[in-house]
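Working notes for the structure below.
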Amino acid sequence: MRFQQNVDLGPLTTFRTRGAVARRFYWIESERDALEFATAVVPVASDWLLLGGGSNVLPTRTIEVAALMRLHDRSVVEEGANIVTVRLGAGERWHECVEWAVSEGWAGIEALALIPGTVGAAPIQNIGAYGQQLSDVCLWVEGIEIPSGQLRTLTADECRFGYRDSIFKHDLAGTFIITAVTIRLEKRREAAVAYPELARALDGVATPTISDVFECVVRLRQRKLPPPEVGSAGSFFKNPIVPLPVAASLAERYPTMPQFPFNGAVKLSAGWLIEQCGFKGVRRGDVGVYDRHALVLVNWGTAQGTEVVRLAAEIKDAVRARFGIELEEEVIIV
Ligand code: EPU
């Protein structure tokens, strides 16, 4: 397996912060590399990190071992009259898979356009946007157990998907390497639009197609999220989910607070909470809160990972003090 010593991790992440180095860095370019990494490298490492697109991780320190997932596959496993089953290698770029599906006329992931990162990272946080999430289409996830090297296929049920959550963040955290994801898409050109902001943006399009949705999501994301040349990891925090009575009392105190019904509870908007605390557009050195979306922390230049963590802690303290709500990071801080 290809490897190099002392690799700066910043440029391999979309945050591009400074101050994190991997003492040994590996490239996983075949199933054999993945097996070797899981059975021979990780078990003797004091700490390790696996990177895909580096779009949901904030490395802050020196790490003994890191690896880059580069397993590629984009194959049709099964095709019926209305359904197609597709296997995607963990190292594939997610957005390119969405583009491919849309161009083939396969529906189910068109609203997940422009989500940065790789296929292998998608199930970990069950990526979601504009009314779609990976768990809606995921059939199974393949991977390798650490340290046994046992190949395992988890059904979608076994992945225990939740809102930005899965078994890979809990029981299997640190003991599983995802190698491929198989999804099921529908052969259908017209789109089902559920998300209000998307429906509004598509107003005037009589029967939106999946290409319309794809293009619209690209436009919406480009308007709200920082361009690729600005370091960030998308939403830094999850939207908090609170029980109904808590939501009711918050609504009484803050009548303009956005609230969304969610599985018998209420999802609040972390972006709104952060904006209300006055953080939208603030800057501390090279770290800041994006001025078009308060849920996005940005690295305007040469910020250290630890500086981002400091601003995040400041935001969490302010939201807790003002609203009594604990924000939880969506980004994985290492
Ligand atoms: N809002 C504000 N101020 C802000 C930002 C948002 O008040 O600065 C309020 C607005 O009221 C808005 C509401 O928050 O109506 C929701 O905002 P938005 O539609 O932008 O969605 P979000 O909940 O902030 C989530 C995902 C995004 C995804 C969008 C669209 C999470 C943590 N984030 O953001 O995902 O693109 O919905 O579906 O669930 C990501 O995970 O990296 C990501 C970008």
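A few points about this structure:
- Number of the exception - Pro243 against (1) crowded, with 17+ Cβ neighbours inside 10 Å; (2) not assigned by TED's automatic domain parsing to the domain that holds Ala122: (1)
- Residues in the range 144-170 that are on the phi > 0 side of the Ramachandran plot and either touching a residue at least 60 places away in the same chain (Cβ under 8 Å) or part of a strand (DSSP E or B) (or both): Gly149, Arg164.
- Residue match in the range 302-313 (condition: within 13 Å of the ligand (Cβ to nearest atom) and not assigned by TED's automatic domain parsing to the domain that holds Tyr195): no
- If you filter the range 138-166 down to residues that are within 16 Å of the ligand (Cβ to nearest atom) and not charged (D, E, K, R), you find that the one that is surrounded by the most Cβ atoms within 10 Å (Cβ to Cβ) is Ser166.
- Any hit, the range 240-256, residues being near the ligand (Cβ under 9 Å from one of its atoms) and touching a residue at least 40 places away in the same chain (Cβ under 8 Å): no
- The residue of the range 183-228 that is farthest from Trp27 (Cα to Cα), among those that are part of a strand (DSSP E or B) and not hydroxyl-bearing (Ser, Thr, Tyr), is Glu190.
- Residue in the range 69-91 that is in a helix (DSSP H, G or I) and surrounded by fewer than 23 Cβ atoms within 10 Å (Cβ to Cβ) present: no
- Scope the range 269-297; condition within 9 Å of the ligand (Cβ to nearest atom) and either touching a residue at least 60 places away in the same chain (Cβ under 8 Å) or of a type in the set (Lys, Arg) (or both); matching residues: Lys280, Tyr290, Arg292, His293, Leu295, Val296
- Scanning the range 1-47 for residues that are of a type in the set (Ser, Thr, Tyr) and either surrounded by 20 or more Cβ atoms within 10 Å (Cβ to Cβ) or assigned to a loop (DSSP other than H, G, I, E, B) (or both) yields Thr13, Thr14, Thr17, Tyr26, Ser30, Ser46.
- Any hit, the range 92-109, residues being crowded, with 21+ Cβ neighbours inside 10 Å, away from the ligand (no atom under 16 Å from the Cβ) and either assigned by TED's automatic domain parsing to the domain that holds Val57 or farther than 24 Å from Glu190 by Cβ (or both): yes
- Out of Ala173, Ala180, one residue alone is in a loop (DSSP other than H, G, I, E, B) and either within 16 Å of Ala111 (Cα to Cα) or among the small types (Gly, Ala, Ser) (or both). It is Ala173.
- The residue that is nearest to the ligand (Cβ to nearest atom), counting only those in the range 227-239 that are more than 13 Å from the chain's Cα centre (by Cα) and buried (at least 21 other Cβ atoms within 10 Å of the Cβ), is Asn239.
- Looking across Val218, Val266, Val308, one residue alone is surrounded by 14 or more Cβ atoms within 10 Å (Cβ to Cβ), free of Cβ contacts under 8 Å to residues at least 40 places away in the same chain and touching a Leu at 6+ places or on another chain (Cβ under 9 Å). It is Val266.
- Candidates in the range 53-68 are the residues that are in a loop (DSSP other than H, G, I, E, B) and touching a Phe, Trp or Tyr at 6+ places or on another chain (Cβ under 9 Å); of these, the one that is nearest to the ligand (Cβ to nearest atom) is Ser55.
- Hey, Phe260 within 12 Å of the ligand (Cβ to nearest atom) and either outside any loop (DSSP other than H, G, I, E, B) or not assigned by TED's automatic domain parsing to the domain that holds Leu139 (or both) or not: yes
- Restricting attention to the range 114-130 and to residues that are surrounded by fewer than 24 Cβ atoms within 10 Å (Cβ to Cβ) and among the small types (Gly, Ala, Ser), the residue that is nearest to the ligand (Cβ to nearest atom) turns out to be Ala129.
- When restricted to residues that are surrounded by fewer than 19 Cβ atoms within 10 Å (Cβ to Cβ) and either among the small types (Gly, Ala, Ser) or not in a strand (DSSP E or B) (or both), the range 281-301 contains 8.
The values are calculated or read from the model by the stated rules, or taken from the named source; none is laboratory data. It should be emphasised that the depicted structure is a prediction, and the values quoted were computed from it without experimental measurement. As a convention, Cβ positions derive from the backbone with ideal geometry for all residues, glycine included, and neighbour counts pool all protein chains shown.
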